[in-house]
């Protein structure tokens with residue numbers, strides 16, 4: 001596995017060339033690709049050339065967003081499918097292999113069965129299209145009860161449910177985005193991670209939680225940096241990730257606005273150090 005700079009996950013507004021420079025400077029192993037930036041380069045050949053320069057800096061690609069919104073209204077979903085070939089051409093030219101999205105854990109109108117059928121069917125279709133381009137899809141379940149309980153029909157908000165949906169879709173290029181925060185807020189333990197393999201995991205996020213709230217009081221967008229409070233067993237979580245022989249990106253996604261108020265180099269030096277610590281198992 002490798003430490004990954006995801007500027008957006010840190011609340012930092014960096015264009016991709018700047019993110020690449022900073023990732024190399026601060027010892028990250030990878031950086032998230034940006035489809036919007038690829039579109040400004042003038043075609044697949046230019047994208048491939050840019051990607052080669054990134055690899056020359058010793059960096060791998062992390063994960064970019066899934067270009068198709070699985071939860072969208074039917075017409076928006078259809079439009080995204082029409083635009084998908086252009087996105088796949090650029091991602092393929094760049095050598096990107098991982099895209100991801102989160103599963104909205106509730107809905108006011110769709111009950112669980114209807115929502116499940118919609119997601120399984122769309123995931124099967126999109127999974128097939130992306131498999132032809134050599135892309136894997138990561139799905140992130142959202143654990144906080146303060147979010148999934150806010151609408152009429154709760155939906156997927158646990159590891160077990162996410163794995164069942166992936167199995168039901170029949171898509172073999174779909175796996176998990178594992179986030180220690182959602183793992184904790186879903187009430188899960190290392191036992192729930194036992195048996196996972198590299199093929200099951202597309203990306204990993206590590207975060208900690210506030211120490212002045214109980215588990216069911218935690219807010220999705222109010223987290224802490226890994227190892228900050230010890231509320232979340234980040235070392236145990238990462239032991240399980242290592243046991244899975246996971247080989248992909250690991251990033252931090254704390255939703256802490258104050259990070260953007262500090263000098264960028266100072267923030268990235270701290271984040272790189274935290275990721276190195278987590279990956280090494282120190």
Qualifying residue in segment 247-257 (condition: surrounded by fewer than 18 Cβ atoms within 10 Å (Cβ to Cβ) and without any contact (Cβ under 8 Å) to a residue 40 or more places away in the chain): no
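Answer yes or no as to whether residue 91 is touching a strand residue (DSSP E or B) at 6+ places or on another chain (Cβ under 9 Å), within 24 Å of residue 204 (Cα to Cα), in a helix (DSSP H, G or I) and in contact (Cβ under 8 Å) with a residue 24 or more places away in the chain.
Details: touching a strand residue (DSSP E or B) at 6+ places or on another chain (Cβ under 9 Å): yes; within 24 Å of residue 204 (Cα to Cα): yes; in a helix (DSSP H, G or I): yes; in contact (Cβ under 8 Å) with a residue 24 or more places away in the chain: yes.
For residue 91, the condition - touching a strand residue (DSSP E or B) at 6+ places or on another chain (Cβ under 9 Å), within 24 Å of residue 204 (Cα to Cα), in a helix (DSSP H, G or I) and in contact (Cβ under 8 Å) with a residue 24 or more places away in the chain - is met.
Farther than 24 Å from residue 101 by Cα and either part of a strand (DSSP E or B) or at pLDDT below 95 (or both): does that describe residue 266?
Numbers: farther than 24 Å from residue 101 by Cα: yes; either part of a strand (DSSP E or B) or at pLDDT below 95 (or both): no.
Considered against the rule, which asks whether it is farther than 24 Å from residue 101 by Cα and either part of a strand (DSSP E or B) or at pLDDT below 95 (or both), residue 266 comes out as no.
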Odd one out for residue 86 among (1) farther than 28 Å from residue 161 by Cβ; (2) touching a residue at least 60 places away in the same chain (Cβ under 8 Å): (2)
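Picking from 277, 224, which residue would you name as being in contact with a strand residue (DSSP E or B) (Cβ under 7 Å, 6 or more places away or on another chain) and within 22 Å of residue 8 (Cα to Cα)?
So the residue among 277, 224 that is in contact with a strand residue (DSSP E or B) (Cβ under 7 Å, 6 or more places away or on another chain) and within 22 Å of residue 8 (Cα to Cα) is 224.
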Cβ pairs under 6 Å, 6+ apart, first in segment 129-142 and more than 13 Å from residue 201 (Cα to Cα), second assigned to a helix (DSSP H, G or I) and modelled with pLDDT of 95 or more: 133/88; 133/92; 142/182
Residue in segment 213-220 that is assigned to a loop (DSSP other than H, G, I, E, B), loosely packed, with under 13 Cβ neighbours inside 10 Å and at pLDDT 95 or above present: yes
Selection count where residues are out of contact with any helix residue (DSSP H, G or I) (no Cβ under 9 Å at 6 or more places or on another chain) and assigned to a helix (DSSP H, G or I), scope segment 55-79: 7
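The values are calculated or read from the model by the stated rules, or taken from the named source; none is laboratory data. Since we're looking at a predicted model, the values are computed, not measured. Virtual Cβ from ideal backbone geometry, glycine too; neighbours counted across all protein chains shown.
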